[in-house]
Amino acid sequence: MDIFDRIAQTLENRVRSGIGRPYFRSAKYMAHEFSTANFRPIEGGEERLIAFIDGGNSPILEGPGISVQLNRVALGLFRGARGSSPRCHRGSSSSLS
């Protein structure tokens, strides 16, 4: 059992399917129902490499003239139902003196 199976198994009984409707402060945004009917299969998904990237930031130090943030980024690569590892490319690096 890989890590994704363990996460799914752990969350299976904790995640609510009826999560409600989101609230937006502005009327220019429209909420769409969260429903399985709104999801479509990805054509050729078993052969294609599909990437999911997500991230977020969290303030560490804030002031009138400064903001230090912790940035986190996560990458998930899948070919069909199998997870895939990214190929790393090393570029040139420079240092400031």
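The values are calculated or read from the model by the stated rules, or taken from the named source; none is laboratory data. Remember, it's a predicted structure, so these values are computed and weren't measured experimentally. Every residue, glycine as well, gets a Cβ built from its backbone with ideal geometry; the counts of neighbours run over all protein chains shown.
Summary of values
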quantity: Residues of the range 40-69 that turn out to be within 23 Å of ILE3 (Cβ to Cβ) and either of a type in the set (A, V, I, L, M, F, W, C) or under 18 Å from the mean Cα position of the chain (by Cα) (or both), as a count; calculated: 9
quantity: Failed item in (1) modelled with pLDDT of 80 or more; (2) out of contact with any helix residue (DSSP H, G or I) (no Cβ under 9 Å at 6 or more places or on another chain); (3) not polar (S, T, N, Q), with ARG6 passing the rest; calculated: (1)
quantity: Residue in the range 30-47 that is among the small types (Gly, Ala, Ser) and at pLDDT 85 or above present; calculated: no
quantity: Cβ pairs under 8 Å, 6+ apart, first in the range 47-63 and closer than 30 Å to ARG82 by Cα, second outside any strand (DSSP E or B) and at pLDDT below 90; calculated: GLU47/GLY80; ARG48/ILE42; ILE50/ILE42
